[in-house]
Structures are given as structure tokens and as C-alpha cells.
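The values are calculated or read from the model by the stated rules, or taken from the named source; none is laboratory data. It should be emphasised that the depicted structure is a prediction, and the values quoted were computed from it without experimental measurement. Note: ideal-geometry Cβ built from the backbone for every residue, glycine included; neighbour counts use all protein chains shown. In case anyone asks, the SASA skips ligands and DNA or RNA and just uses the protein heavy atoms, side chains included. Shrake-Rupley method; radii C 1.70, N 1.55, O 1.52, S 1.80 Å.
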Amino acid sequence: MIDIAVVDYGMGNLRSVAKALEHVAPDHRVVVTSDPAKIAAAGRVVFPGQGAMPDCVRELDARGLREAVIAAAADKPFLGICIGLQLLFDHSEEGDVAGLGIVPGQVKRFAAADMHDALGGKLKVPHMGWNQVYQSDKHPLWAGIEQGARFYYVHSYYVQPQDAAIEAGYSEYPTRFTSCVARNNIFAVQFHPEKSQHDGLQLLANFVRWNGVSN
Amino acid sequence: MLAKRIIPCLDVTDGRVVKGVNFLELRDAGDPVEIAKRYDDQGADELTFLDITASSDNRGLILGIIEQVASQVFIPLTVGGGVREVEDVRRLLNAGADKVSINTSAVLNPQLVADAAGRFGSQCIVVAIDAKQVGDHWEVFTHGGRKATGINAVDWARNMVALGAGELLVTSMDRDGTRVGFNLPLNRAISDAVDVPIIASGGVGNLMHLVEGVKEGGADAVLAASIFHYGEFTVRQAKEYMREHGIEVRL
């Protein structure tokens, strides 16, 4: 029995995700896998991702994982991280590519040229570093995490869900953007909980215990 | 608001952290895993490991160290030193590094930056630029500051970002080890020239230098070694000081 499957499609540092899960859930079996059967057999699924979205879509399909991910996102506790959040959407500006279409909405790029902080300093893209995350709503995955807690981000694109009600959290850079979505058994975040020290580990521990009910 | 980052840097040789004494001889400063955990406890935003191992026999030791650190410290880890090919990048990422810093090899073979960014994503490729004042401009140096390249550092920064660097680590070789503060005009010039985040490095001797690096140098992150290794200041003290000076930090 596999407790947690981390979907491996060749994009990104999956070891970090697996190590953080093993740290918070030493009694769970964590498997990094590109085998659709193992993903189907797992109790819960983590869908990470790094790099460029067009490459991610291509690699996902090259490994025949699209259906397995869609199936997992339909009925088991499912955690998307970074590109694993963006891939759930209909479409991304990055490479003008279609996502998996599990969550209606778009993925947009930060407009670097027009972005300044409160002191007039130029804001860089990628948005890289520790930013505050504000919880839009109560959710089991926020248990023990304070409003405005800082998580580690590194991304140049952000999601715009069609249905604003699925926003579970947001950050500001410099304007507000959705950084977490929750819908039924899906919770997906733009930041990296596996690199966000105590609060990140708390979120992963919450996920490991979560029954997959959002509302 | 996004916080400015403080990044302690650990120089590692033959599996141990070392620090220079009077900028010449290297002295053992302890176990890398223990030191990494200490900085993590103090609130470091990231950690950078620089592998300065001279003999190729012991180069693999850094992989074991990164593996150990990555299973106990859950903040971003950057590793640099001796990265020559895409395979080196892969090995470090697989060991648990989140970013890999490329320095001399980027000058010898700029295509390496493009290849590594293309394969693993720009978010994990840091290009380290060692610069020295030459006449009225800054020039890129390699091999730990010993070899001039004739390349203008600001142009080089733009080139590296165009090839796919996701972040730049800018070290002033004039200031490194002097403890008189960052080269602020150099950092400012590069920060203004590119859209990606800049890490300022080289010359930190007190906490005001960190504040200046952000406010005047336009740095998104500041890297320091000796002020933390010698136990003069903790990372937390540095962050409290920055906050008192109006800089957003993670505390």
C-alpha cells in the first residue's frame, strides 16, 4: 500500500518534496513515481512541478501520466505545488499552452516593467523569496498556520481562477494574486511548502492527515 | 510584502566548513550539517554552499553533505563551486540542492547556462559574477578573482539573464574579505540592468552594510559569511536590525 505518491514527470526537484513528506509523516510510505498504476493505488497524491509549463505538459504526456493525474484529482486528497497548481488550469500564457483543464481559469505572467514596491523600488521577476500568504477562507490545510505567515515562492506566472470562490489564499506582488486554490479534494499552492520551514512542514503535515473535504 | 533575504554562505572543502584567517589560511569551522541547522534555527532565508575542494578526489563529498542537510533543513539550498557541465547540475539537484550556482564555467562556456536553464528551469540556475573595478567600469574575473576576462560585468549580467539565469550572485572582488561594505554602485548598476533578483556579496563587516546593500545597492538578497561564522551576529540579529531600518524581513 502506497500512502503518498509524488508524481514524477521529470520536472523539478522531487526529492525535496519527498524528503519533507517523509519528515512530517515518518510512518507513511512515500513513493516518487511515474507509474500510473502506483498513482492510482496511492491514498493521496502530490503533484509538484518546476520549470516551464510547456515542458511540463510535454513531459507529463510523454510519460502517459495525464489520465492518472486527472483521475487522482477527481477523487483523492490531492496537493498541487507550483507548476502543479498552474497545470490544473485551462491555459497558460507561458508558451501559450493548454493545461489539464481541471480548474477553469488562466495562468498569467507578472508584468515586470510596471511593478514597484511601496518605496518605489523595482520588483523583480521571478517573484522569488518569502512572501506573506493570507488565507481567504478556513480550510483544514491551514490548521496551525497564522494569517500572513511567510512561504517561499519562486515563479513568474500566477493563476486566475474563473470562480473566485475557490481561492484559499493570496499574496501581494505588488497587487493581490491568488496563490492557493481549494475545491473538494484538491488543494494547490503556488509557493513551495517543502522549502518553507515550519509553516511549510505544518501544511504538509495537515495534508497527510486531511480527509479530502474542503467545504 | 516580499521579504529581503539573508543568506549565510558556507565555504566547504574536503567535507568541512572552513573560514579564512586574515584572508589567507583556511581554518576548520565545523561540520556543515551542524552549521546549516544552526543558521536555519536562527532564521536564515536560504543557505549557500560553496565547494572550494581543490582535489577532484574529494569533490563528491559535497553531494553527501547536501543530502544530509536537505533531509533536515527545509529552506532553499544553493550549491556552487566546480560546476562544469549539465550533469554536475543534475547531480547537485538530485542530492537536494534547489539552485546551482555557476561561475567560471559560465564564462568558459556560456551555453552551459542556457542548457542547464533549458533542462531544469531558470528558477534553479544562479550565475555568480565576480567583478573588479577596472578603469571606469567593472570587469568580470574568474578562477576566484585571479583571471581577468575583459568582459564588462553589467553587459555580462544582461547576457546571462538572456541565456536563462534566474538569479545573479554579484561579488565585488575589490571588497571581498575587506569588511568595508558591499560595492554599492556595482550592485545598483546590475540590479537596474536586469529583471531577475540580485544577491549582493563581498565585503560585509557590520549590519549597516546589509541595510545599505538593499537600500542603496538595490539587492533583493544579501549574502554574508564571516559576520555569522565568527559569531559576531546571529542571522536573527541581522534581520531585526534590517527591520529597524525599514526593510521587510521574515522574522
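Taking (1) at pLDDT 95 or above; (2) within 15 Å of the chain's Cα centre (by Cα); (3) open to solvent by 10 Å² or more (accessible area, probe 1.4 Å) in turn, A:Tyr153 satisfies each apart from (3).
Answer with yes or no whether A:Ile81 is closer than 30 Å to B:Val89 by Cα, modelled with pLDDT of 95 or more, of a type in the set (Val, Ile, Thr) and crowded, with 16+ Cβ neighbours inside 10 Å. Taking the combined requirement at face value, the residue satisfies it. What's the number of the condition B:Gly231 fails, among (1) of a type in the set (Gly, Ala, Ser); (2) open to solvent by 10 Å² or more (accessible area, probe 1.4 Å); (3) assigned to a helix (DSSP H, G or I)? Of everything listed in (1) of a type in the set (Gly, Ala, Ser); (2) open to solvent by 10 Å² or more (accessible area, probe 1.4 Å); (3) assigned to a helix (DSSP H, G or I), B:Gly231 misses just condition (3). Figure legend. Inter-residue proximity from the range A:154-170: first residues more than 13 Å from chain B (Cβ to nearest Cβ), second residues crowded, with 17+ Cβ neighbours inside 10 Å and modelled with pLDDT under 95, beta-carbon distance below 7 Å, spacing 6+ or different chains. Indicated pairs: A:Tyr158/A:Phe110.
So that you can scan it fast, the table gives a plain yes or no per residue for (1) at negative phi; (2) at pLDDT below 95; (3) open to solvent by 50 Å² or more (accessible area, probe 1.4 Å):
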{"residue": "A:Ser16", "(1), (2), (3)": "yes, yes, no"}
{"residue": "A:Ile39", "(1), (2), (3)": "yes, no, no"}
{"residue": "A:Gly49", "(1), (2), (3)": "no, yes, no"}
{"residue": "A:Glu67", "(1), (2), (3)": "yes, no, yes"}
{"residue": "A:Ala72", "(1), (2), (3)": "yes, no, no"}
{"residue": "A:Lys76", "(1), (2), (3)": "yes, no, no"}
{"residue": "A:Leu87", "(1), (2), (3)": "yes, no, no"}
{"residue": "A:Leu100", "(1), (2), (3)": "yes, no, no"}
{"residue": "A:Gly105", "(1), (2), (3)": "no, no, no"}
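Being within 14 Å of chain A (Cβ to nearest Cβ) and among the β-branched types (Val, Ile, Thr) narrows it down to one of B:Val204, B:Val222, so name that one. Full working, then the answer.
Values: B:Val204 fails: within 14 Å of chain A (Cβ to nearest Cβ).
Criteria check complete, one pass: B:Val222.
If you take the residues in the range A:171-215 that are within 14 Å of chain B (Cβ to nearest Cβ) and assigned to a strand (DSSP E or B), which one is surrounded by the fewest Cβ atoms within 10 Å (Cβ to Cβ)?
First, the residues of the range A:171-215 that are within 14 Å of chain B (Cβ to nearest Cβ): A:171-177, A:179, A:190-205.
Narrowing further to those that are assigned to a strand (DSSP E or B): A:171-172, A:176-177, A:179.
On the way: A:Ser171: 23, A:Glu172: 14, A:Arg176: 11, A:Phe177: 19, A:Ser179: 28.
It comes out as A:Arg176.
Of all residues in the range A:99-152, those satisfying the criterion of being within 19 Å of A:Val189 (Cβ to Cβ), touching a residue at least 40 places away in the same chain (Cβ under 8 Å), within 14 Å of chain B (Cβ to nearest Cβ) and of a type in the set (A, V, I, L, M) are A:Val133, A:Ala149.
Quick check: anything in the range A:169-182 closer than 25 Å to B:Ile247 by Cβ, of a type outside the set (Gly, Ala, Ser) and touching a Leu at 6+ places or on another chain (Cβ under 7 Å)?
Of the range A:169-182, the ones closer than 25 Å to B:Ile247 by Cβ are A:169-177, A:179.
Within this subset, residues satisfying the condition of being of a type outside the set (Gly, Ala, Ser) are A:170, A:172-177.
Filter once more, so that each one left must be touching a Leu at 6+ places or on another chain (Cβ under 7 Å): A:173-174.
Looking through the range A:169-182, at least one residue is closer than 25 Å to B:Ile247 by Cβ, of a type outside the set (Gly, Ala, Ser) and touching a Leu at 6+ places or on another chain (Cβ under 7 Å).
Is it the case that A:Val7 is open to solvent by 40 Å² or more (accessible area, probe 1.4 Å), closer than 27 Å to B:Cys124 by Cβ and β-branched (Val, Ile, Thr)? No. Looking at the range B:118-131, is at least one residue within 13 Å of chain A (Cβ to nearest Cβ), aromatic (Phe, Trp, Tyr) and in contact with a helix residue (DSSP H, G or I) (Cβ under 7 Å, 6 or more places away or on another chain)? For the range B:118-131, residues within 13 Å of chain A (Cβ to nearest Cβ), aromatic (Phe, Trp, Tyr) and in contact with a helix residue (DSSP H, G or I) (Cβ under 7 Å, 6 or more places away or on another chain): present. The criterion of at least 1 residues that are among the hydroxyl-bearing types (Ser, Thr, Tyr), over 15 Å from the mean Cα position of the chain (by Cα) and farther than 26 Å from A:Lys108 by Cβ is met by the following strands (runs of 3 or more DSSP E) wholly inside the range A:7-92: A:30-33.
Just one of the listed residues (B:Ile62, B:Ile52, B:Ile66, B:Ile102) is within 11 Å of another protein chain (Cβ to nearest Cβ), within 27 Å of B:Thr142 (Cβ to Cβ) and not hydroxyl-bearing (Ser, Thr, Tyr), namely B:Ile66.
The condition of being surrounded by 24 or more Cβ atoms within 10 Å (Cβ to Cβ), within 20 Å of A:Gln50 (Cα to Cα) and within 14 Å of chain A (Cβ to nearest Cβ) holds for only one of B:Ala97, B:Ala114, that being B:Ala97. Within the range B:3-33, the set of residues being open to solvent by 30 Å² or more (accessible area, probe 1.4 Å) and at pLDDT 95 or above comprises B:Lys4 only.
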